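Worksheet: the structure to be examined is printed underneath.
The values are calculated or read from the model by the stated rules, or taken from the named source; none is laboratory data. Model, not experiment: these values are computed from the prediction. Every residue, glycine as well, gets a Cβ built from its backbone with ideal geometry; the counts of neighbours run over all protein chains shown.
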Amino acid sequence: MKNKYLTPSCLAIAVLLAACGSAPKTTTLLNEIHSEYRVAQNNPNVATHAPLEMKQATDAMAQVDAMANDRGSDEAIDKLAYLARQKIALTQEVTKRKMAEADVANAGKVRNQMLIDQRTNEANAAKIKADQARQSALLAQNDAARAMQQTQVAQVDAANAQRTAQDAQARNALLEAQLADLAAKKTERGMVITLGDVLFGTDLSRLTSNGVATVQKLAKVLELNPQRKVLIEGFTDSTGTTAHNQDLSDRRAGAVQTALEEMGVGRNRVAVRGFGESYPVAANDTAENRQLNRRVEIVLSDDGGNLMAR
């Protein structure tokens with residue numbers, strides 16, 4: 001009678017055979033495309049650039065895996081595996097191509113942006129240069145306007161100076177004409193009028209009638225020229241003592257001052273100084289020369305009222 005129970009070794013073989021019968025079949029090509037598929041799956045650019053092609057590759061892999069699970073023939077499995085490989089290869093190729101296109105597009109964008117930036121910089125530089133040119137032109141216009149204004153001011157000043165000089169010349173000419181009757185002489189100290197000894201009493205400080213008439217002419221000149229002042233200087237010859245001569249020169253100069261005041265010339269316009277026998281104009285060796293030394297000199301100020309002392 002046969003044993004109805006299997007031995008342990010037979011049982012193990014049966015289990016192994018059953019396991020082999022349920023495991024998917026595989027081929028060398030299938031193993032290769034599984035590796036290639038995993039590479040495509042792990043490429044982050046595939047999902048971005050070739051999602052449709054990747055889906056087709058995934059569907060193809062599902063078909064070949066189903067055939068392997070059903071333990072189809074090696075020929076059928078490799079046929080589907082070959083088709084799946086083509087889908088995977090297409091996925092990789094499309095990814096590479098679109099990445100290259102994206103790089104070109106990005107390069108174009110970068111180039112365009114560089115051109116835009118360059119043109120913007122050039123435009124800004126041109127604007128700055130134009131602004132600087134306008135500013136320079138404005139400054140030049142302002143400088144020209146100031147120069148013109150300064151020229152006009154200078155012209156006005158020159159015209160005023162010329163008029164002032166002409167007026168001064170006219171006043172001087174008029175003064176010289178007014179002083180003609182007084183025999184005034186031009187000196188480095190200004191116009192000088194000399195009153196000789198004959199216009200005073202002998203050895204006196206009192207003016208004679210002719211002396212008074214002469215002083216009246218001088219008073220008229222000062223009335224017509226209110227900006228002028230006079231310095232009255234008295235002199236004597238060397239006859240007599242020094243003290244007497246100094247006193248006489250002081251009194252004669254004072255007599256002219258008093259006469260001018262009586263004729264309306266303010267004291268503030270008349271300065272007086274006696275020099276006695278100092279500053280002779282001739283030697284005291286003859287009567288004629290001594291008479292020349294006995295004199296009163298009247299110095300007129302300049303147009304500004306300035307007097308030059310000895």
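Observations
- You will find that of T151, T95, the residue that is of a type in the set (S, T, Y), at pLDDT below 85 and part of a helix (DSSP H, G or I) is T151 and no other.
- Residue among D78, D65, D103 that is farther than 30 Å from A23 by Cα and part of a helix (DSSP H, G or I): D103
- Residue match in segment 258-266 (condition: touching a Lys or Arg at 6+ places or on another chain (Cβ under 7 Å), without any contact (Cβ under 8 Å) to a residue 60 or more places away in the chain and surrounded by 11 or more Cβ atoms within 10 Å (Cβ to Cβ)): yes
- Single unsatisfied condition, L139 versus (1) surrounded by 11 or more Cβ atoms within 10 Å (Cβ to Cβ); (2) part of a helix (DSSP H, G or I): (1)
- Being over 13 Å from L195 (Cβ atoms), of a type in the set (K, R) and touching a residue at least 40 places away in the same chain (Cβ under 8 Å) is not true of R294.
- The listed residue being without any contact (Cβ under 8 Å) to a residue 12 or more places away in the chain and within 23 Å of K25 (Cα to Cα), out of E122, E75, E93, E101: E75
- Unique residue being surrounded by 11 or more Cβ atoms within 10 Å (Cβ to Cβ), part of a helix (DSSP H, G or I), modelled with pLDDT of 90 or more and not basic (K, R) when the list is A12, A40: A40
- Hits in segment 271-291 (condition: among the charged types (D, E, K, R), over 19 Å from T258 (Cβ atoms) and either touching a residue at least 12 places away in the same chain (Cβ under 8 Å) or assigned to a loop (DSSP other than H, G, I, E, B) (or both)): E277, D285, R290
- Any chance I128 is part of a helix (DSSP H, G or I), touching a residue at least 12 places away in the same chain (Cβ under 8 Å), surrounded by 10 or more Cβ atoms within 10 Å (Cβ to Cβ) and β-branched (V, I, T): no
- When L218, L224 are checked against the criterion of being within 60 Å of the chain's Cα centre (by Cα) and either in the same structural domain as V270 (by TED's automatic domain parsing) or more than 18 Å from R290 (Cβ to Cβ) (or both), L224 stands alone in meeting it.
- Once segment 267-310 is narrowed to residues that are among the charged types (D, E, K, R) and under 24 Å from Q216 (Cα atoms), the residue that is surrounded by the fewest Cβ atoms within 10 Å (Cβ to Cβ) is R267.
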